[in-house]
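These notes concern the structure reproduced below.
The values are calculated or read from the model by the stated rules, or taken from the named source; none is laboratory data. Everything quoted here is computed from the prediction, not taken from an experiment. Counting neighbours? That spans all protein chains shown, and the Cβs are built from the backbone with ideal geometry, glycine included. For accessibility, only protein heavy atoms count, side chains too; no ligands or nucleic acids. Shrake-Rupley method; radii C 1.70, N 1.55, O 1.52, S 1.80 Å.
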Amino acid sequence: MGVLEVENLTIRYPDAEQPAVDGLSFTMERAEDLGIVGESGSGKTQTAMAIMGLTPANAMVTGSIRYDGQELVGARPALLNSIRACRIAMVFQDPKSALNPYVRVGRQMKRVLLEHGMCSNAEARARTLDMLSKVGLPDPERQYNAFPHQLSGGMRQRVMIGAALLGEPAVLIADEPTTALDVTVQAQILSLIRDLHAETNSALLLITHDLGVIAGNCERVLVMDQGRLVEEGSTRDIFASPQDDCTKTLLEAAPSIRSDILVRPVDEAAEDILEIDGMSVSFRDGGTGWGENLRAVRPLSFDLREGETVAVVGESGSGKTSLVRAVLGLVRPDGGAVSFLGRRLPSQLAERKNKSRRHLQMVFQDPLGSLNPAMSVREIVAEPLLIHGKGTKKSERLAEAEDILSRVGIDRALVGRYPHELSGGQAQRVAIARALVLRPRVLICDEAVAALDGTVRHEILSLLLAEQERSGLSIVFITHDLGVVRQISHRILVMYMGRLCELATNEALFSRPRHPYSKALLSSVPLPEPVAESVEVPLAGEVSSVLEPPPGCPFHPRCQHAVAVCSESVPEPGSCDGTIVACHRAAELDLAY
Ligand code: SF4
């Protein structure tokens with residue numbers, strides 16, 4: 001008998017034509033690690049919620065879920081409460097919304113022990129402090145008394161994992177536990193889950209859309225599509241020879257840092273289209289209300305050629321978005337200049353001429369948030385033409401909008417719809433069409449595919465590549481996904497705490513990074529290849545506060561190659577075999593990947 005047995009599980013909702021989960025069956029043994037992979041809407045999270053007894057009141061759940069032989073479907077609340085969070089625990093994707101902002105971390109964590117009567121208050125406190133230290137939080141006493149908002153995203157996820165493991169559950173469900181985290185923090189959290197899973201002998205059910213996460217952490221995997229189980233087997237076998245078309249598509253769409261480069265080389269004669277020279281950005285107060293000055297971007301320079309894609313990568317808070325917002329004139333820089341086709345642009349968008357505004361367009365991460373909900377798709381795309389005085393008649397503008405909408409793959413039937421009637425992928429295509437309708441020379445994409453499923457992301461990236469080939473569009477692509485970077489960029493700018501670490505060609509960065517931080521980023525990426533040897537370089541600790549940067553190289557507290565000079569002076573960017581790198585030891589370190 002398995003510790004968890006799911007048999008013919010079906011979940012229906014009154015208004016839906018298709019069941020959210022349709023006849024799913026699987027068994028988990030104690031200490032086993034099992035992955036469930038699939039795109040949004042495949043039924044992964046619904047399955048987890050049903051196991052936890054947390055499906056909404058209008059869900060009709062049939063079939064059987066047995067924990068240790070006890071039936072959970074239709075079980076009394078008292079039985080569910082005695083098992084939930086104690087015998088079966090769950091780590092959610094977004095720790096911010098899973099933690100109560102009004103209750104101190106320690107009190108929230110120890111509640112599971114107290115509510116299940118597992119020990120006295122004093123012992124619960126001691127066990128919670130012990131768990132805080134086990135999940136790698138520094139100064140457990142301080143974190144115990146902290147409120148959730150006082151911790152970083154990675155620290156909050158550690159708290160969630162600690163809380164889930166406090167009751168020593170027999171089954172741990174982790175639903176997209178690292179999706180909201182930076183790649184380096186993701187590597188730390190996955191390693192923590194692996195270690196604790198091995199130490200506690202719990203069964204681990206890992207739910208994710210990321211095949212790299214499955215490959216490195218699960219022996220067995222279930223592939224779901226539209227509520228149904230389409231393939232099941234050992235991770236190695238499924239990755240080596242997938243049988244179902246859905247699995248094949250998922251694998252093909254998974255970008256990897258070992259993927260082929262998909263972009264064509266930039267034409268040798270291509271001219272510089274954008275030059276960023278010494279750009280720096282600060283925010284007064286830094287949002288702290290204490291009058292401090294947050295230096296979001298330190299003087300930073302790079303250029304962009306016609307038909308070139310430069311990817312900007314780095315952890316949250318590294319200054320990527322502030323940099324491109326200053327380039328676009330959306331925030332006032334402290335210093336530096338932007339030149340477009342050799343002409344210096346005013347720093348503020350309002351002072352720029354229509355021509356340069358037209359040629360620099362942006363696509364944001366959240367397409368629904370960037371599209372006017374009161375306008376139809378066709379009107380949204382035609383609006384920039386009106387603003388820039390293109391097309392004298394409305395009918396001409398709408399026709400041009402429909403033209404570009406069909407180019408980005410939006411069906412004619414959708415052009416009269418409103419944004420809320422679109423899927424995430426359709427909305428992002430509309431946002432791209434709106435940005436492209438003015439035929440810009442430069443497109444700035446800020447995490448433009450981060451919220452999309454693998455296959456939709458693949459389609460959007462192909463669309464951008466096709467547009468680049470067709471029109472010579474230059475692209476600045478901000479992303480935290482290094483697999484995407486590998487496929488679509490010509491050069492990569494790596495940032496850390498507002499500074500340039502490295503500016504290298506795609507080939508150079510992925511074969512021989514010159515900066516230890518670039519190497520750590522690459523090593524943190526989970527590979528969608530279960531047979532791959534891991535060359536993991538653990539990047540310990542978290543990014544220092546930008547309000548109180550460390551002296552010298554900002555990366556030195558986390559750098560395993562640091563020497564005395566690293567904490568004394570800031571390394572300036574310099575050339576090293578064609579790569580621009582800011583590291584005192586760039587020439588001597590061999591970081592070949
Ligand atoms: Fe590491 Fe020193 Fe280079 Fe900074 S300057 S990355 S601390 S070796």
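Between H420 and V103, the FRET efficiency from the beta-carbon distance, with R0 = 56 Å, is close to 0.95. Multiplying the residue separation of S133 and Y593 by 0.36 nm and removing their Cα-Cα distance gives an extension gain of 162.3 nm.
A straight line joining the Cα centroids of the stretch 191-219 and the stretch 410-433 runs 36 Å. Solvent exposure of the stretch 351-394 amounts to 57 Å² per residue of accessible area, where only protein heavy atoms count and the probe is 1.4 Å. The residues of the stretch 83-192 have, on average, 40 Å² of accessible surface per residue, using a 1.4 Å probe with all protein chains present. Pairs of alpha carbons in the stretch 11-151 separated by more than 20 Å make up 59% of all such pairs. Label-to-label distance, S259 versus K355, with points set 7 angstrom from Cα along the beta-carbon direction: 3.7 nm. Take every pair of alpha-carbon atoms less than 8 Å apart whose residues are at least six positions apart; their mean separation over the length of the stretch 172-227 yields a relative contact order of 43 percent.
Considering only P419, P169, A215, and ranking their Cα positions along the charge dipole of the chain that arises from unit charges at the beta-carbon of Lys, Arg, Asp and Glu, the one farthest toward the positive end is P419.
Among V581, P554, L129, flag the residue with its Cα farthest along the positive direction of the charge dipole of the chain, charges on Cβ as +1 for Lys/Arg and -1 for Asp/Glu. Working it through, the farthest residue towards the positive pole turns out to be P554. Computed from point charges on the beta carbon alone (+1 for Lys and Arg, -1 for Asp and Glu), the dipole magnitude for the chain about its Cα centre is near 1920 Debye. The trypsin sites (Lys or Arg not before Pro) of the stretch 361-409 that DSSP puts in a loop, and whose beta carbon has at most 10 other beta carbons within 10 Å, are K393. Atom-type composition of the exposed protein surface of the chain places 47 percent of the accessible area on carbon and sulfur (1.4 angstrom probe). Note on the stretch 432-584: with charges restricted to the Cβ of Lys and Arg (+1) and Asp and Glu (-1), its dipole about the Cα centre is near 440 debye. Would the stretch 204-297 count as rounded, prolate or oblate if I go by the C-alpha gyration tensor, calling it rounded below 1.5 in a/c and otherwise prolate when a/b exceeds b/c, oblate otherwise? Verdict is oblate for the stretch 204-297. Multiplying the residue separation of I387 and S339 by 0.36 nm and subtracting their alpha-carbon distance yields 14.9 nm. Please list, by residue number, every one of the chymotrypsin sites (Phe, Trp or Tyr not before Pro) in the stretch 223-305 that is coil in DSSP and has at most 11 other beta-carbon atoms within 10 Å. Passing both the DSSP loop test and the Cβ count: W290. When you restrict to C-alpha pairs under 8 Å that are six or more residues apart and normalise by the size of the chain, the relative contact order lands at 14 percent.
For the modelled label position 7 Å from the Cα of E141 along Cα-to-Cβ, which residues of the stretch 86-107 have backbone nitrogen atoms closer than 20 Å? What the label zone holds, given the 20 Å backbone N cut-off, is 104-107. Once the chain from S545 to T200 is taken as fully extended at 0.36 nm per residue, the excess over their C-alpha distance is 120.8 nm. Remark: C-alpha extents of the stretch 473-536 on the principal axes read 37, 27, 19 Å, sorted largest to smallest. For the chain, the alpha carbon convex hull comes to 167 Å³ per residue, rounded to a whole number. Computed on the stretch 457-593, with alpha-carbon pairs under 8 angstrom and 6+ residues apart, the relative contact order is 24 percent. Rounded to the nearest 20, the Cβ-based charge dipole of the stretch 1-144 about its Cα centre (Lys and Arg +1, Asp and Glu -1) stands at 760 debye.
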